[in-house]
Amino acid sequence: MPFRVTVIGTGYLGATHAACMAEIGHEVLGVDVDPDKIAALQAGRVPFYEPGLEDLLAKHVASGRLRFTTSYEEAADFGDVHFSCVGTPQVRDGYAADLRYVDAVIEQLAPHLTRPCLVVGKSTVPVGTAERLADRLAELAPAAELAELAWNPEFLREGFAVEDTLRPDRLVFGTRSDQARKTLEEVYEPVIGQGTPVVVTDFPTAELVKTSANAFLATKISFINAMAEVCEASGADVGRLAEALSHDDRIGGRFLRPGVGFGGGCLPKDIRAFMARAGELGVDQALTFLREVDAINMRRRSRTVDLARELCEGRFLGRKIAVLGAAFKPDSDDVRDSPALNVAGQIQLMGGDVTVYDPKAMDNARKVFPSLGYAQSLDDAVRGAHAILLLTEWEQFRTLDPEWLRGQVAEPRIVDGRGALDPSRWRQAGWTYRALGRP
Ligand code: UDX
């Protein structure tokens, strides 16, 4: 302690990890192939919205403990420990994870590794990847016996990335030697010192912890959303059902919020990559249920569109629809696989005049769905609307005053896609209120 640490790939995961490694005392060099991103970070600016991250980054750039570069040579020369934090998106033509960035890190870093170091994978990868990368590292590194691989999956949530990195639920170290384990224990010493549990294991188990955690979370959300379908058919209330279930400690209330379902850069693509990998391993049957988890999730989006259409007397043509929310969840500007934008897009294709408003995700939304209408403010979005759809539960939307809003719209009709509002309060204020899974 302290170590010289590099963090390769400076997206959500990498930028957060780099700032947090500096915060716990290490000297950090962030590495990315994108010179614009590196320039922004070096100037203390975070190129996406993540609460608390910019302050931490600026603090350590100013202190000199955190620097950035585009040079792998410099990184290899600098680092005792190299964290690989690049993305693993879904391939274009299938369910599998695209491993080109993960592979490129080893291909580009390894030939420069001439001094003892530990290369640590953090990305979410198909089980078996670490073993393959370890072989490749041994082939490419000039001082092969000095460079070792370890796997240390990351569980951070967007919106809580700093907190989740500095105070994680657990640390998982996939290692092949005592030396690698010891190095990781020393790197994370301040985190472990707070009492964070550490699970030391082999490569495949470490990789699987991450994919199975995400599969479990996705399953839990789809479970309650499947119950919402049954509630819709039987007149029950999924909100009260979830509340009652949550009092059972064995079930618990977290990730049991019904609504328009999960999106984002992780859960959807991770469950698909997991299914693809299980197929390759000959155990596809073990994960067929994830296909249902995915299907339930996608049906919630169509159901939301149906509810909105029912509110609009069966047609969207000539109707002004205000969509509140574009990010895949609140406190994030990430629109990857966002249920809100998916619903907005479907309604527009059916002839609706859609206007989207989100407190943080407007620029990203415009890039992905340039043809949708966007409002500068909440007021502009809702003015004259024939129906409002609340699809991302930002604080600003959860605390909306139904009396005020009624004065703005053409028709007081709302679809609460996140079960975020109090139905009786809205109905009392004269609204036709509809929510997924609620009477
Ligand atoms: C997720 C995992 O939580 C994290 O551990 C992993 O490292 C990356 O993937 P994140 O993508 O940031 O993190 O989002 P998360 O907070 O898990 O939410 C995922 C989606 O599920 C969001 O669209 C959210 O709105 C939705 N969700 C969440 C529900 O619909 N209901 C819930 O009860 C919880």
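The values are calculated or read from the model by the stated rules, or taken from the named source; none is laboratory data. All of these numbers come straight from a predicted model, not from anything done at the bench. For neighbour counting, all protein chains shown are included, and Cβ atoms are generated from backbone atoms with ideal geometry for every residue, glycine included. Heavy atoms of the whole protein, side chains included, go into the accessibility calculation; ligands, DNA and RNA do not. Shrake-Rupley method; radii C 1.70, N 1.55, O 1.52, S 1.80 Å.
Observations on the structure shown:
- Rounded to the nearest 0.05, the FRET efficiency derived from the C-beta distance between ARG167 and ALA236 at R0 = 45 Å is 0.75.
- Considering all different alpha carbon pairs of the stretch 207-288, the Kirkwood hydrodynamic radius works out to 13.9 Å.
- Considering only GLN194, GLN396, GLN346, the Gaussian network model of the chain with Cα springs below 10 Å gives its largest mean-square fluctuation to GLN194.
- Using the alpha-carbon positions of the stretch 301-435, Rg (one decimal) and Dmax (whole number) come out as 13.2, 39 Å.
- Cut-off 15 Å between beta-carbons: net charge of the residues surrounding GLN346, Lys and Arg +1, Asp and Glu -1: +3
- Among THR16, GLY94, GLY235 the positive-end extreme of the charge dipole of the chain (Cβ point charges): GLY235
- Accessible area of ILE388 in the full protein assembly, 1.4 Å probe (Å², nearest 10): 0 Å²
- Solvent-accessible area of the stretch 4-201 (1.4 angstrom probe, protein heavy atoms only): carbon and sulfur portion equals 48 percent.
- Distance violations [Cα-Cα > 28 Å] among LYS320/LYS367; LYS37/LYS122; LYS59/LYS210; LYS37/LYS59; LYS37/LYS320; LYS37/LYS329: LYS59/LYS210; LYS37/LYS320
- Each residue of the stretch 235-248 is assigned a 3J(HN,Hα), and the resulting list reads x, 7, 10, 5, x, 5, 4, 4, 4, 5, 4, 5, 6, 7 Hz, derived from the Karplus form 6.51 cos²θ - 1.76 cosθ + 1.60 (θ = phi - 60°), x at Gly and Pro.
- Treating each Cα of the chain as an identical point scatterer and summing with the Debye formula, the log10 of I(q)/I(0) at q = 0.10, 0.11 Å⁻¹ comes to -0.76, -0.89.
- Whole-percent carbon and sulfur share, accessible surface of the stretch 211-294, 1.4 Å: 58 percent
- When the square roots of the Cα gyration tensor eigenvalues are ordered a ≥ b ≥ c, the ratio a/c for the stretch 39-102 is 1.5 or more and a/b does not exceed b/c, which makes its shape oblate.
- Close amide H contacts of ALA150 (hydrogens built in the peptide plane, cut-off under 5 Å, sequence separation of 5 or more or a different chain): VAL119, VAL120, GLY121.
- 1.4 Å probe accessible area per residue over the stretch 355-402, in Å²: 43 Å²
- Structure remark: mean-square fluctuation, Gaussian network model of the chain, C-alpha springs under 10 Å; the largest value among GLY87, GLY159, GLY52 belongs to GLY52.
- Proximal charge balance of HIS386 [Cβ under 12 Å; K/R count +1, D/E count -1]: +3
- Compared with the direct C-alpha span, the chain from TRP404 to ARG176 gains 75.9 nm at full extension, assuming 0.36 nm per residue.
- For the chain, the share of DSSP beta bridges that are antiparallel, to the nearest 5, is 5%.
- Sequence ranges 281-290, 302-311, ranked by mean other-Cβ count within 10 angstrom, highest first: 302-311, 281-290
- Stokes-Einstein diffusion coefficient of the stretch 63-177, Kirkwood radius over Cα pairs, 25 °C, 0.890 mPa s, in µm²/s: 160 µm²/s
- Residues whose amide H comes within less than 5 Å of that of LEU171, counting only those at least five positions distant or on another chain, are VAL198, VAL199 (H built at 1.01 Å from N in the peptide plane).
- When the chain is treated as a Gaussian network with alpha carbon springs shorter than 10 Å, the biggest mean-square fluctuation among ASP248, ASP334, ASP135 belongs to ASP248.
- Accessible surface area normalised per residue over the stretch 4-201 is 41 Å², counting heavy atoms of protein chains with a 1.4 Å rolling probe.
- Within the chain: Cβ-based charge dipole about Cα centre, in debye rounded to nearest 20 (Lys, Arg +1; Asp, Glu -1): 1360 debye
- Overall form of the stretch 4-201 per C-alpha gyration tensor (a/c, 1.5; a/b vs b/c): rounded
- The calculated FRET efficiency for ARG92 paired with ALA39, based on their beta-carbon distance and R0 = 22 Å, is about 0.15.
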